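Heads up, the thing below is written out as structure tokens.
The values are calculated or read from the model by the stated rules, or taken from the named source; none is laboratory data. It should be emphasised that the depicted structure is a prediction, and the values quoted were computed from it without experimental measurement. Cβ placement follows ideal geometry from the backbone for every residue including glycine, while neighbour counts extend to all protein chains displayed. Remember, those area values only see protein heavy atoms, side chains included, never the ligands or the DNA or RNA. Shrake-Rupley method; radii C 1.70, N 1.55, O 1.52, S 1.80 Å.
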Amino acid sequence: MSNKFNISYGEHQSKFGVLRLPESSDPCPVIVLIHGGFWQSKYNLEENTPIAEDLTQRGYATWNIEYRRIGEELEGWNSIFNDVIDAINHLSIIKESYHIDLSNVTVIGHSAGGHLALWLASRINTSKADDVYSELSIPIKKVLSLAGVTDLKKMWEIHEQKGIKSPVAALLGGAPHEVPKRYKMSSPIELLPFEVDQVLIHGELDRHVPVELSKNYYQSALEKGDKVKLVVLPDIEHFKVIDSTSAAWDIVVESI
């Protein structure tokens, strides 16, 4: 059995993570998990519990993070982004107590969590600590985007075409023509290159986040000289990539 700890990284009830540690006397490499749900409060980190348990059994420490979401009290449009940075930075505060190895951190995000994971990659080698986003102080070795929202503008357009009120506009406080700067600062495809290993895994049958988003991002990252790999899975839909009993999950594990 792994050891499981609920740890707060801030005052708000959604500022916490679940740390699971394998049975090991050596410091373990850490995998940070960021759940999806289009940044909305009706979805939470429980979605990632099965994969967190699976990865911990494989010898990784997992830090499954929660963050404030649309529908909760936020200071500003950037609160969700800064929560994710704060959650990851918190690892440096707990590393001695929990015996974790922060020289080898991987971030895995699903769907909207894939967006946040790739966005985090843009903060790694940045001197762009600015008045909008907090500074990321933990080095990240690799990012895996599972059915990730790689392009916020494109995702907003897809929702518009379908006649859906886009959660992207709720995330950023407006449509692309209303707050263009926020889209430029927050959309992974606008921020390339990252100079960090990236793996994009996407199901061909995804109806929530079309596989085209990952394909386009992959091309753009390649053109800019990034180390990026794309794995397109036929016959796989949006949630299969985080189903720890599926063949798709085996491919995710291999990519770590």
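Examine the range 91-98 for a residue that is under 15 Å from Ile138 (Cβ atoms) and under 17 Å from the mean Cα position of the chain (by Cα), and state whether such a residue exists.
Yes - at least one qualifying residue is present in the range 91-98.
In the range 186-232, which residues are surrounded by fewer than 23 Cβ atoms within 10 Å (Cβ to Cβ), among the small types (Gly, Ala, Ser) and assigned to a loop (DSSP other than H, G, I, E, B)?
Gly225
Quick one: would you say Glu53 is open to solvent by 30 Å² or more (accessible area, probe 1.4 Å) and over 25 Å from Asp243 (Cβ atoms)?
no
Answer yes if at least one residue in the range 207-216 is in contact with a strand residue (DSSP E or B) (Cβ under 6 Å, 6 or more places away or on another chain) and either under 22 Å from Met155 (Cα atoms) or not charged (D, E, K, R) (or both), and no otherwise.
Among the residues of the range 207-216, at least one is in contact with a strand residue (DSSP E or B) (Cβ under 6 Å, 6 or more places away or on another chain) and either under 22 Å from Met155 (Cα atoms) or not charged (D, E, K, R) (or both), which makes the answer yes.
Inspect the range 63-80 for any residue being over 22 Å from Lys42 (Cα atoms) and touching a residue at least 12 places away in the same chain (Cβ under 8 Å) and give the result as yes or no.
Checked the range 63-80: no residue is over 22 Å from Lys42 (Cα atoms) and touching a residue at least 12 places away in the same chain (Cβ under 8 Å).
Does Ala117 satisfy the criteria of being open to solvent by less than 20 Å² (accessible area, probe 1.4 Å), within 27 Å of Leu91 (Cα to Cα) and small (Gly, Ala, Ser)?
When the stated conditions are applied, Ala117 passes them.
Within the bounds of the range 83-102, is there any residue that is open to solvent by less than 50 Å² (accessible area, probe 1.4 Å), in a strand (DSSP E or B), closer than 20 Å to Val241 by Cα and touching a residue at least 24 places away in the same chain (Cβ under 8 Å)?
no
Under 7 Å between Cβ atoms, which residue pairs at least 6 apart in sequence (or on different chains) link something in the range 1-24 that is within 16 Å of Asn44 (Cβ to Cβ) with a partner that is of a type in the set (Lys, Arg) and open to solvent by 40 Å² or more (accessible area, probe 1.4 Å)?
Note: pairs meeting the criteria are Val18/Lys4.
Quick test for you: out of Tyr9, Tyr67, pick the one residue that is hydroxyl-bearing (Ser, Thr, Tyr), under 18 Å from the mean Cα position of the chain (by Cα) and open to solvent by less than 20 Å² (accessible area, probe 1.4 Å).
Every option except Tyr67 fails the conditions.
Do we find a residue being over 21 Å from Ile80 (Cβ atoms) and either open to solvent by 50 Å² or more (accessible area, probe 1.4 Å) or modelled with pLDDT of 95 or more (or both) anywhere in the range 27-35?
There is at least one residue in the range 27-35 that is over 21 Å from Ile80 (Cβ atoms) and either open to solvent by 50 Å² or more (accessible area, probe 1.4 Å) or modelled with pLDDT of 95 or more (or both).
Does any residue of the range 63-81 turn out to be modelled with pLDDT of 95 or more, charged (D, E, K, R) and outside any loop (DSSP other than H, G, I, E, B)?
No, every residue in the range 63-81 fails to be modelled with pLDDT of 95 or more, charged (D, E, K, R) and outside any loop (DSSP other than H, G, I, E, B).
Can you name the residue in the range 153-185 that is closer than 19 Å to Val84 by Cβ and in contact with a Leu (Cβ under 6 Å, 6 or more places away or on another chain) and, of all such residues, is surrounded by the most Cβ atoms within 10 Å (Cβ to Cβ)?
Selected residue: Val168.
What are the pairs with Cβ atoms under 8 angstrom where one residue, in the range 105-127, is under 16 Å from Ser214 (Cα atoms) and at pLDDT below 95 and the other, located anywhere, is open to solvent by less than 10 Å² (accessible area, probe 1.4 Å) and in a helix (DSSP H, G or I)? Sequence gap at least six, or different chains.
Partner pairs satisfying both residue conditions: Ala121/Pro188.
Take the residues in the range 120-152 that are of a type outside the set (A, V, I, L, M) and not in a loop (DSSP other than H, G, I, E, B), then tell me which one is surrounded by the most Cβ atoms within 10 Å (Cβ to Cβ).
Restricting to residues being of a type outside the set (A, V, I, L, M) and not in a loop (DSSP other than H, G, I, E, B), the top hit is Ser145.
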